[in-house]
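Novice: The structure's right below; bear with me while I get my questions together.
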Amino acid sequence: EAASEWGCATIGWVMGAKHIVDAITRVRFDMGVSPWTSSVLAEYCEAGRFDAHLPRVTEIYRRKRDVMLSALEERCGKLAAWSAPRGGFFLWLRLDERIDADRLFDAAWEEGVGYVGGRTFFDNGQGAGFVRLCYSNVAEPDISEAVMRFGRALERVAR
């Protein structure tokens with residue numbers, strides 16, 4: 001909803017047998033992604049440029065992940081637990097039992113930090129004890145500061 005509200009579009013990928021990919025393509029044209037942009041991206045990938053680009057961006061995201069992990073260890077280890085993801089753009093935290101998720105969201109927002117609460121990803125109201133932090137779209141130099149602010153919010157809520 002937010003993406004369409006802001007006029008953004010997402011281009012994804014699927015891998016499978018040609019007849020399955022063709023069927024998905026026929027039913028999944030959402031009028032939000034420019035056919036021209038999609039064609040340019042397809043050409044980019046078919047020309048092997050994506051494969052050449054992938055190691056570069058993998059290293060960028062690995063560095064960002066490692067900066068976030070280091071900052072979390074330094075600042076949040078007493079009030080949350082996590083494991084290092086082997087890929088992706090997000091890091092999941094399990095909150096200490098003393099943390100009220102609703103109060104944490106407000107406290108983090110007051111610190112200038114946003115995140116997605118775990119309830120968004122669970123059915124039946126579960127997931128309150130989890131948060132998903134994103135390291136992919138934050139500039140590497142800003143990650144430590146963001147985690148420090150998030151840590152302050154955690155400490156405030158834990159009292």
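Novice: What spacing in nm lies between the two simple spin-label points modelled at E46 and W92, each 7 Å away from Cα in the Cβ direction?
Specialist: A separation of 3.7 nm, rounded to one decimal place.
Novice: Oh, and also: Percent relative contact order of the chain, based on C-alpha pairs within less than 8 angstrom and at least six residues apart?
Specialist: Details: 159 pairs, mean separation 35.9, N = 159.
After rounding, I find 23 percent.
Novice: So, one more: Along the positive direction of the dipole of segment 54-159 (beta-carbon charges: Lys, Arg +1; Asp, Glu -1; about the Cα centre), which of G118, A101, A84 reaches farthest?
Specialist: The Cα lying farthest towards the positive end belongs to A84.
Novice: A follow-up question, please. Over segment 38-122, what percent of the accessible surface lies on carbon and sulfur atoms, probe 1.4 Å? Display every interim value, and only then the final one.
Specialist: On the way: 2980 of 5820 Å².
Whole-percent figure for carbon plus sulfur exposure: 51.
Novice: Moving on. Rounded to whole Å and sorted largest first, list the principal axis extents of the Cα atoms in segment 50-159.
Specialist: Sorted largest first, the three principal extents are 48, 31, 21 Å.
Novice: From the convex hull of the Cα coordinates of segment 33-93, what is the mean projected area in square nanometres?
Specialist: For segment 33-93, averaging the hull's shadow over all directions gives 5.5 nm².
Novice: Size of the dipole of the chain about the Cα centre, Lys and Arg at +1 and Asp and Glu at -1 on the beta carbon, nothing else charged, in debye to 20? Write out the running numbers ahead of the final one.
Specialist: Working: 21 positive and 23 negative charges, 76 e Å.
Once rounded to the nearest 20, the dipole reads 360 debye.
Novice: Heavy atoms of the protein only, probe of 1.4 Å, neighbouring chains included. What is the accessible area of D22 in Å², nearest 10?
Specialist: We get 60 Å² for D22.
The values are calculated or read from the model by the stated rules, or taken from the named source; none is laboratory data. This structure is a prediction, so every number in the text was calculated from the model and none was measured. Glycine also receives a Cβ, built like all others from the backbone with ideal geometry; neighbour counts cover every protein chain displayed. When the accessible area is computed, the model is the full protein with side chains, heavy atoms only, and any ligands, DNA or RNA have been set aside. Shrake-Rupley method; radii C 1.70, N 1.55, O 1.52, S 1.80 Å.
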